[in-house]
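Student: Have a look at the structure that comes next, please.
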Ligand code: DI6
Ligand code: FE
């Protein structure tokens, strides 16, 4: 583990302890401006010169310091001095594939020499090459190989992440990936939500037996994952090089029958009607959406499905077609942003860079990008009302930033101004090399 990662994982509880009177909050964060990200009509839901109180892992008070009632804030067990920085909800990376073995740096070189992502996939590389590496890795090896990626997200202010399976494509390895994702969440100060993505690619041993693989997914994997509570949702890759809309619908029917919510990799590389399919199942999200149509955006809005934009994949693949951001806005579709951290199309370990790319490449505003990693990411994981916004009653999952304005979170390229994260009320401060460098 990198030294910096170790530091962010160390609980800095011993610092800043105050007189421990009875009855006060567990934690008081002062000398901060707050971007609550609450939908108040005010940009970023800003509270200048704010104060946040936390008790039992829950936010109990948020507001301007001079309006704080004595009983809400006095006698705190611990005070964190924000030194004039900005406090936001902890970032939520709602779409990652960060558990895998090996890398695909060789394919990166092949693409730079002119091969496309689809050509590499059709030649047996792509997802299948990561599947081969992941199948041979033990749970311990997978955990060791993946931990630094989750640490990298944590260091950049992420307190909640979604991790998909999809590099096993057999019962044992899919389940192993989901268990490893759970273990990572127990070892690091990041909550992990897990998604079964068995319909990610057709495994080689099922080459001419597509239906037989879908039988395995629908009749064995989904029931087991539901019974053992190994995943919180089911995803599928609806694409020419993966599964047809009818095949994804079959997966969704099985998921729904087992009480699992669904989401879809939709319209990424070609127009496949993915947005309409996701909307038809009231999916929690439709992700990518580069080729989504106006009708698709309208359907997402009507279904209450969130659009998850993944600019890291667009960037890595050198794509030219941008998702229809204007249509999504016009129809009022909530827009989330995520890293899509994966070995093939998005080896992106920085949520802030994902936000920067969402602005520069897709035309989001910095406020939309931050909302995409906070307020609008929460419902993708079924956590609206729990995380993503700073208000009383929400979980105390927070990020403290060394910036003068929250737009800077999308503005810097490759900087990390995260000074500390708070997860469930516990403070994890970065070491001495804090600041924008
Ligand atoms: N879309 C993606 O961006 C990832 N999976 C997917 O369905 C890519 C996965 C990979 O190339 O390994
Ligand atoms: Fe993905």
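The values are calculated or read from the model by the stated rules, or taken from the named source; none is laboratory data. Note that this is a predicted model, so its numbers are computed, not measured. Every residue, glycine as well, gets a Cβ built from its backbone with ideal geometry; the counts of neighbours run over all protein chains shown.
Student: Of the conditions (1) within 14 Å of ligand 2 (Cβ to nearest atom); (2) farther than 22 Å from residue 306 by Cβ, residue 242 fails just one. Which one is it?
Tutor: Only one criterion is unmet by residue 242, namely (2).
Student: Let me ask you something else. Taking residue 50, is it in a loop (DSSP other than H, G, I, E, B) and not assigned by TED's automatic domain parsing to the domain that holds residue 162?
Tutor: No: the conditions fail for residue 50.
Student: Could I ask something else about it? Being within 24 Å of residue 384 (Cα to Cα) and touching a strand residue (DSSP E or B) at 6+ places or on another chain (Cβ under 6 Å) is the filter; apply it to region 301-316 and report the residue that is farthest from ligand 2 (Cβ to nearest atom).
Tutor: So in region 301-316, the residues within 24 Å of residue 384 (Cα to Cα) come out as 301-311.
Then drop every residue that is not touching a strand residue (DSSP E or B) at 6+ places or on another chain (Cβ under 6 Å), which leaves 305-310.
Values: 305: 16, 306: 15, 307: 14, 308: 9, 309: 12, 310: 6 Å.
Among those residues, the one meeting the criterion is 305.
Student: Any residue in region 237-255 that's in the same structural domain as residue 199 (by TED's automatic domain parsing) and on the phi < 0 side of the Ramachandran plot: show its pairings with residues that are away from ligand 2 (no atom under 16 Å from the Cβ) and modelled with pLDDT under 95 at Cβ separation under 7 Å, as long as the two are six or more apart or on different chains.
Tutor: As it stands, the answer is 241/122, since those pairs meet every condition given.
Student: Are there strands (runs of 3 or more DSSP E) fully within region 76-183 with at least 2 residues that are buried (at least 21 other Cβ atoms within 10 Å of the Cβ), within 15 Å of ligand 2 (Cβ to nearest atom) and under 16 Å from the mean Cα position of the chain (by Cα)? List them. Reasoning before the result, please.
Tutor: Values: elements: 78-89, 91-93, 158-164.
In region 76-183, 158-164 are the strands (runs of 3 or more DSSP E) which contain 2 or more residues that are buried (at least 21 other Cβ atoms within 10 Å of the Cβ), within 15 Å of ligand 2 (Cβ to nearest atom) and under 16 Å from the mean Cα position of the chain (by Cα).
Student: From the list 286, 295, 254, which residue is more than 16 Å from ligand 2 (Cβ to nearest atom), outside any loop (DSSP other than H, G, I, E, B) and within 30 Å of residue 184 (Cβ to Cβ)?
Tutor: Numbers: 286 fails: more than 16 Å from ligand 2 (Cβ to nearest atom); 295 fails: within 30 Å of residue 184 (Cβ to Cβ).
Result of the check over 286, 295, 254: 254.
Student: Now for a different question. With the requirement that a residue be within 15 Å of the chain's Cα centre (by Cα) and over 19 Å from residue 37 (Cα atoms), what does region 328-352 give you?
Tutor: 339, 340, 341, 342, 346, 347, 348, 349, 350
Student: Which members of region 202-238 meet the condition of being in contact with a strand residue (DSSP E or B) (Cβ under 7 Å, 6 or more places away or on another chain) and in a loop (DSSP other than H, G, I, E, B)?
Tutor: Within region 202-238, 230, 231, 232 qualify.
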